[in-house]
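As structure tokens, the structure follows; a few thoughts come after it.
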């Protein structure tokens, strides 16, 4: 409930036009995967309640859009996000991953506009 309340407050305060999330992936720890899925569900619900469209991207798509290689590691993603957003203060690899998802979504939105929404 704390995540839902905090995220809803942020969405109402900043009124973003769009949101983006990484698709669920299964990692070695099933408990972590379950927790990630639950948190992702809260994010999707909060966005839906406030009428925000959400883009969903596989990790390999995010890496390809950001680094140019779908199998890039976290350090490569972090380094490229720093290059793409030189003025941003990036608080670690998780923040870099989140920014990479946002960059991917921005690229997809721009491509869709150029291609006429196809």
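The values are calculated or read from the model by the stated rules, or taken from the named source; none is laboratory data. Remember, predicted model here, so these are calculated numbers, not experimental data. Cβ atoms come from the backbone with ideal geometry, glycine included; neighbour counts cover every protein chain shown.
Being surrounded by fewer than 14 Cβ atoms within 10 Å (Cβ to Cβ) and either closer than 21 Å to residue 96 by Cβ or in contact with a strand residue (DSSP E or B) (Cβ under 9 Å, 6 or more places away or on another chain) (or both) is the filter here, so list the residues in segment 51-65 that pass it.
Residue satisfying the conditions is 53 alone.
Answer yes or no as to whether residue 95 is in a helix (DSSP H, G or I), surrounded by 13 or more Cβ atoms within 10 Å (Cβ to Cβ) and assigned by TED's automatic domain parsing to the domain that holds residue 1.
no
One line per residue, one yes/no per condition, for (1) at pLDDT 90 or above; (2) within 13 Å of the chain's Cα centre (by Cα); (3) outside any helix (DSSP H, G or I):
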{"position": "21", "(1), (2), (3)": "yes, yes, yes"}
{"position": "38", "(1), (2), (3)": "yes, no, no"}
{"position": "42", "(1), (2), (3)": "yes, no, no"}
{"position": "45", "(1), (2), (3)": "yes, no, no"}
{"position": "48", "(1), (2), (3)": "yes, no, no"}
{"position": "70", "(1), (2), (3)": "yes, no, yes"}
{"position": "75", "(1), (2), (3)": "yes, no, no"}
